[in-house]
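Single-structure report; data block below.
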Amino acid sequence: MSFNEYASFDGLTLGRMVRERKITPAELMDAAIARAEKHNAKLNAIVFKDYDRARAAARAHAAGDAPFAGVPLLLKDILGDCAGMPTRSACAFLPATPMPADSELVARYKRAGFIPFAKTNAPELGIPPVTESRLYGPAHNPWNLERTPGGSSGGSAAAVAAGIVPVAHGNDGGGSIRIPAACCGLVGLKPTRGRISLAPTLGDILGGLVNEHVLSRTVRDSAAALDATAGPMPGDPYFPPPPIRPYLQEASTPPKRLRIGFSTVNPLGGAIHPDCTEATQRAAKLCAELGHEVEEAAPQINYQMLAQLFETVYLAGVALSIEAVRMLTGAEPAPDKFETFTWNLYERGRQITAPQYLIAQALLQQAARQFAAFFESHDLFLTPTLGQPPLRIGTIDFMSPATTLLDEKIASFAIPCPVYNITGQPAISVPLHWNREGLPIGTMFGGRYGDEATLIQIAGQLEQAQPWIGRKPPVWD
C-alpha cells in the first residue's frame with residue numbers, strides 16, 4: 001500500500017482490507033508511522049511514541065472479525081490509559097510513568113482491532129479549548145499552521161485531519177471532542193453521559209461532565225467505534241438506555257422527518273462570528289431541503305448563571321486532579337509545576353466548600369431539566385459548534401494571572417458546547433462549511449438524552465448530501 005493510498009481510506013475500509021488479506025496490519029502500521037514522522041514536525045500532534053511495541057503488536061495481530069482489524073490508533077494524553085504508555089495530561093506535575101494496565105476503553109479499542117501506537121497532544125489537564133501546553137508546546141492545525149486545532153483533543157484532531165490515522169481517541173468535558181472536530185473539519189460526537197464506561201478506576205468525572213469517544217473523518221467510523229466501546233461495566237454509577245440497533249446501521253439509515261430548532265445567537269450576549277452564523281444558516285437550509293421542518297427556536301435557559309455554576313464545578317475538578325496526584329505520588333504542588341492559568345484555578349478550586357459544590361451541581365441539574373424540555377417539541381437543536389473560527393495560536397495567554405476559565409476569549413470561542421456536558425445529552429459536530437480563508441467551520445446538532453441514533457442518522461444524511469471526505473488540508477501530502 002502506498003503512502004497516499006493508506007490515508008484515503010476510513011478505518012472501517014482499512015479493517016475490511018485486513019480481514020480480506022489485501023493488506024497486513026504491519027503494512028498499515030508502517031504507513032501510519034511514516035505519515036506521523038512526515039507531518040508531526042509541523043503539527044506537534046504526537047507527544048509520545050510507542051512504535052516498536054506497536055509494530056510488534058501489528059505483526060502478531062490476528063484479524064478475526066474485528067471491525068477495525070489492524071487499524072492504527074492514537075490515544076489522547078488524557079484518560080487514554082494504555083499499558084506501557086504514560087498518561088501525563090500535558091502537565092509537568094504528573095510523572096512520565098508507564099501505566100500498569102489498559103483502561104476498559106482502551107481494552108475495548110483493542111478488542112475492536114485497533115492497535116495504539118502513540119499519544120496525542122493536549123492542553124494542561126485538558127482545561128482550555130485550545131492545545132498549547134507549556135509541557136508539550138502548541139499543536140498546529142493542518143488547515144493553517146498558525147491556527148489552533150482546538151482543545152482539549154487538539155492533537156488527536158490534527159492527526160486525523162492530516163491523515164495520520166482515520167480515527168483517534170478524545171474526551172469531552174466542555175466541548176473537547178466537538179471543538180477540535182469543528183476546527184479541523186472532522187466528525188466529533190459527544191455521546192450521552194455514561195454511554196462509555198470510565199472503568200476500572202473512575203465512576204464519573206465532575207459529576208458526569210466528561211465523556212469519552214473519538215474523532216473521525218467519516219460518520220460511519222464514529223458510529224462503529226461507539227458500537228465497539230459503548231456499554232456499562234459493573235459498578236458504573238449510571239448508564240443510558242441501550243441502543244435499539246447498532247449505531248453503524250444508523251449511519252446509513254435516513255432519519256424520519258425531523259423538527260429542528262436552530263439558533264445563531266450567542267447565549268451569553270456576545271457576537272457570533274459571521275462565518276459561524278453563515279455555516280449554521282446553510283446547515284439549516286440544507287436540512288430544510290432534505291425535507292425536515294426547520295425553525296428558529298432555542299431552549300429558554302439562564303446561560304449567565306449556567307456559566308458561573310459550570311466554573312464552580314470545573315474549579316473543584318482542577319483541585320481534585322492536582323490533589324489526587326499529590327495523594328498518589330507524595331509530590332507537593334508548586335506554582336512552577338503548572339501554567340499560571342492552571343495554578344490560579346487550583347487555588348480557587350481549593351476554596352470551594354462542599355456545600356457550594358453540591359449547590360452548583362443541584363442547580364446545574366435543574367437547568368438540565370429546563371434545557372431538556374426543549375426536546376419535547378423538537379428532535380434536534382442546531383447551532384454553531386463554536387462562536388469563532390479556529391483561533392490563532394497564542395490568542396490566550398495561559399501564563400497571565402488575569403486569564404480565567406470565563407475569560408472572554410475562551411467563552412466567546414467555546415460557549416455553544418458545554419451545555420450538553422451539563423445536561424448529559426449527546427451532541428455532534430459535522431464539517432459542512434469552510435470559510436473564505438479555507439478554515440473548517442463546524443455546525444453542531446444536539447439531541448435527546450440517550451438518542452445518539454438520530455444524531456448519527458442526520459449526520460450520515462448530511463454527509464451523503466454534501467460530502468466532506470474529499471477535502472484535504474495543506475498538511476496532507
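The values are calculated or read from the model by the stated rules, or taken from the named source; none is laboratory data. All of these numbers come straight from a predicted model, not from anything done at the bench. Note that each Cβ is placed from the backbone with ideal geometry, even for glycine, and that neighbours are counted across all protein chains shown.
Determine if the range 139-153 includes at least one residue that is buried (at least 24 other Cβ atoms within 10 Å of the Cβ), basic (K, R), touching a Pro at 6+ places or on another chain (Cβ under 8 Å) and not in a helix (DSSP H, G or I). Scanning the range 139-153, I find no residue that is buried (at least 24 other Cβ atoms within 10 Å of the Cβ), basic (K, R), touching a Pro at 6+ places or on another chain (Cβ under 8 Å) and not in a helix (DSSP H, G or I), so the answer is no. Selection of the range 183-210 for residues being over 22 Å from R448 (Cβ atoms) and crowded, with 24+ Cβ neighbours inside 10 Å yields C183, C184, G185, L186.
Restricting attention to the range 304-336, the residues that are more than 26 Å from the chain's Cα centre (by Cα) and either hydroxyl-bearing (S, T, Y) or under 19 Å from P123 (Cα atoms) (or both) total 5. Where residues in the range 68-89 are in contact (Cβ under 8 Å) with a residue 60 or more places away in the chain and hydrophobic (A, V, I, L, M, F, W, C), which of them is surrounded by the fewest Cβ atoms within 10 Å (Cβ to Cβ)? Once the filter is applied, the top-ranked residue is L79. On the stretch given as the range 461-475, residues that are touching a helix residue (DSSP H, G or I) at 6+ places or on another chain (Cβ under 7 Å), part of a loop (DSSP other than H, G, I, E, B) and farther than 12 Å from W434 by Cβ total 1.
Name the residue, out of G185, G175, G151, G208, that is out of contact with any helix residue (DSSP H, G or I) (no Cβ under 7 Å at 6 or more places or on another chain) and not basic (K, R). Of the residues listed, the single one that is out of contact with any helix residue (DSSP H, G or I) (no Cβ under 7 Å at 6 or more places or on another chain) and not basic (K, R) is G208.
If only residues of the range 270-288 that are touching a residue at least 24 places away in the same chain (Cβ under 8 Å) and surrounded by fewer than 15 Cβ atoms within 10 Å (Cβ to Cβ) are counted, the one that is nearest to L432 (Cα to Cα) is A271.
How about the range 259-271: which of its residues are in contact with a strand residue (DSSP E or B) (Cβ under 6 Å, 6 or more places away or on another chain) and assigned to a loop (DSSP other than H, G, I, E, B)? Across the range 259-271, the qualifying residue is only S263. Listed conditions (1) at pLDDT 95 or above; (2) in contact with a helix residue (DSSP H, G or I) (Cβ under 6 Å, 6 or more places away or on another chain); (3) of a type outside the set (S, T, Y) are all met by Q308, apart from (2).
Scanning the range 228-269 for residues that are buried (at least 19 other Cβ atoms within 10 Å of the Cβ), of a type outside the set (A, V, I, L, M) and closer than 19 Å to E452 by Cβ turns up T229, P240, P243, Y247, E250, P255, G261. Condition check for I179 on (1) touching a Cys at 6+ places or on another chain (Cβ under 8 Å); (2) assigned to a loop (DSSP other than H, G, I, E, B): one failure, at (2). Screening H292 against (1) in contact with a strand residue (DSSP E or B) (Cβ under 6 Å, 6 or more places away or on another chain); (2) surrounded by fewer than 18 Cβ atoms within 10 Å (Cβ to Cβ) leaves a single unmet condition, (2). Among residues that are at pLDDT 95 or above, in a loop (DSSP other than H, G, I, E, B) and closer than 21 Å to G185 by Cα, T280 is not included. Is the range 211-221 home to any residue that is charged (D, E, K, R), farther than 21 Å from P67 by Cβ and in a loop (DSSP other than H, G, I, E, B)? For the range 211-221, residues charged (D, E, K, R), farther than 21 Å from P67 by Cβ and in a loop (DSSP other than H, G, I, E, B): absent.
Of all residues in the range 96-116, those that are farther than 17 Å from D77 by Cβ and in contact (Cβ under 8 Å) with a residue 60 or more places away in the chain have Cβ atoms under 6 Å from Cβ atoms of residues that are outside any strand (DSSP E or B) and among the polar types (S, T, N, Q), 6 or more apart or on another chain, in E104/S197; R108/T229. On the basis of being touching an Asp or Glu at 6+ places or on another chain (Cβ under 8 Å) and surrounded by 14 or more Cβ atoms within 10 Å (Cβ to Cβ), does F338 make the cut? So F338 fits the description; yes. On the stretch given as the range 336-354, residues that are within 15 Å of Y314 (Cβ to Cβ), β-branched (V, I, T) and in a helix (DSSP H, G or I) total 1. When residues in the range 407-417 are screened for being more than 20 Å from the chain's Cα centre (by Cα) and either assigned to a loop (DSSP other than H, G, I, E, B) or closer than 21 Å to L462 by Cα (or both), 1 of them pass.
Residue-by-condition table, conditions (1) modelled with pLDDT of 95 or more; (2) surrounded by fewer than 24 Cβ atoms within 10 Å (Cβ to Cβ); (3) on the phi > 0 side of the Ramachandran plot:
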position	(1), (2), (3)
D407	no, yes, no
C417	yes, no, no
T443	yes, no, no
E452	yes, no, no
Q457	yes, no, no
Q461	yes, yes, no
P467	yes, yes, no
K472	yes, yes, no
V475	yes, yes, no
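Of the candidates T383, T403, T395, the single residue that is of a type in the set (S, T, Y), under 20 Å from the mean Cα position of the chain (by Cα) and either buried (at least 20 other Cβ atoms within 10 Å of the Cβ) or in a loop (DSSP other than H, G, I, E, B) (or both) is T383.
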